[in-house]
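Heads up, the thing below is written out as structure tokens.
The values are calculated or read from the model by the stated rules, or taken from the named source; none is laboratory data. Everything quoted here is computed from the prediction, not taken from an experiment. Cβ atoms come from the backbone with ideal geometry, glycine included; neighbour counts cover every protein chain shown. Accessible surface areas use protein heavy atoms only, side chains included; no ligands, DNA or RNA. Shrake-Rupley method; radii C 1.70, N 1.55, O 1.52, S 1.80 Å.
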Amino acid sequence: MPKWGENIAPADRVIDLEFAVAGLRDYVAWSSVPAIRFFAAGEATHGFSRMVEIHREARRLMGPGLRVELQTNGDFGEEVARWVEDNVHIVWISADGPPQLHDAQRPRLDGRGSSDVVLANIRRLAAHPNMQFGVRATFMPEHFGRQIEVLEFFRSLGVRYVCGAPAYSSTVNPNITVPVLQDFAHHFVPAFYHAQRVGMFYQTHLMVNFDEPVACYCRACTKPAHPQLTSDGYVSCCDWASFGPGYLPGLLQDCIYGKWDAAAKRIVYFPEKQDRIEIRNIETLGAGPCQGCPVLEHCAGGCIGKVVVRSGDLHKIDPNWCAAVKYLAKNIPFNAGLYPVRHS
Ligand code: SF4
Ligand code: SF4
């Protein structure tokens, strides 16, 4: 079996700087919010020098008020850690709990576990006085019942914000398939209330919009779309579509709505695809597949990546997702105060 990343051409692993700057310019023309987010299908900090260059350009374009977010595996050394402390305002580290859980799910390419470095960085960044710091934990189906244990582990490291997700696939275990999401939700509810009792906040993608009514599930469908640039030269709307068509499963290609034209030095957008993304909102869904759904304003069709891999289309629903959201809605109130973390 090829190791993760081996089938990605070297030229497609780090984003072209001119493409990144063009994307920043387009974003600045569309939005007055000075913000940038680093995320990659592999690991953003592996292209650290390019990150620093992009950050410099973003500061030049958006000024000192720039808000920086990083989604990372946390497996980095002193130089990166210091830069993150100095320059990043929102950090989410993907980590799965105590070393035996984390290392089984996230080995390095040489097979060794990564928990020694990752957990040290979690402890370090969780102590940052101004940063919004959180952990994103992935649970295998056999570990759904360990959510409170994992929360407590991260609490012992000083973490206050945790996002939990059931594993949909795994680069380590090819037998992982989409689980019964209601099984995850069943164990999520007591963990959600446990977190509140101990001064933490625990969320999952199934209920991120329970705190207020929304028009669409997340920023992926907001208008104008927030361009998410892939390292191989495409514009995507969603984390689940982090590469262009050369690497992406066919059913996620609806998420790609632009392409870098290196010769013309500009991004070419695909308006029809962009429109189809941006109309994935409660109006369209409510007149279509989500008609009559009592949780429409707090689900809005759900997370594109997770729903599309099951339904096969941006404008279809996944009954597995729906059952879990409706179960959570029976057990977690809507509109009971805004959640304390910004959802990417
Ligand atoms: S739809 Fe889901 S995976 Fe895609 S950007 Fe939004 S939250 Fe992330
Ligand atoms: S629960 Fe299902 S039907 Fe209801 S809004 Fe969400 S995706 Fe649509």
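Scanning segment 192-222 for residues that are more than 16 Å from ligand 2 (Cβ to nearest atom) and touching an Asp or Glu at 6+ places or on another chain (Cβ under 9 Å) gives 194, 198, 222.
Residues that are basic (Lys, Arg) and out of contact with any Cys (no Cβ under 7 Å at 6 or more places or on another chain) within segment 280-315 comprise 306, 310, listed in sequence order. If you go through segment 307-344 and pick out every residue that is under 18 Å from the mean Cα position of the chain (by Cα) and either away from ligand 1 (no atom under 16 Å from the Cβ) or closer than 15 Å to residue 183 by Cβ (or both), you end up with 2. Take residue 130 and tell me if it is polar (S, T, N, Q), assigned to a loop (DSSP other than H, G, I, E, B) and open to solvent by 40 Å² or more (accessible area, probe 1.4 Å). Yes; evaluated as a whole, the condition is true for this residue. Can you name the residue in segment 136-156 that is at pLDDT 95 or above and not in a helix (DSSP H, G or I) and, of all such residues, is farthest from residue 177 (Cα to Cα)? So the residue we want is 136. Segment 1-110 holds no helices (runs of 4 or more DSSP H) entirely within its bounds that carry 2 or more residues that are at pLDDT below 95, among the hydroxyl-bearing types (Ser, Thr, Tyr) and open to solvent by less than 20 Å² (accessible area, probe 1.4 Å).
Out of the strands (runs of 3 or more DSSP E) lying entirely within segment 232-344, which hold 2 or more residues that are open to solvent by 30 Å² or more (accessible area, probe 1.4 Å) and among the aromatic types (Phe, Trp, Tyr)? In segment 232-344, no matching strands (runs of 3 or more DSSP E) lie anywhere. Annotation note: Cβ proximity below 7 Å between a residue of segment 276-292 that is within 13 Å of residue 215 (Cα to Cα) and away from ligand 2 (no atom under 11 Å from the Cβ) and a residue that is open to solvent by 30 Å² or more (accessible area, probe 1.4 Å) and at pLDDT below 95 (sequence gap 6+ or interchain) occurs for 278/223. I'd like to verify a number: residues in segment 299-314 that are touching a residue at least 12 places away in the same chain (Cβ under 8 Å), more than 8 Å from ligand 2 (Cβ to nearest atom) and not acidic (Asp, Glu), how many? Count: 9.
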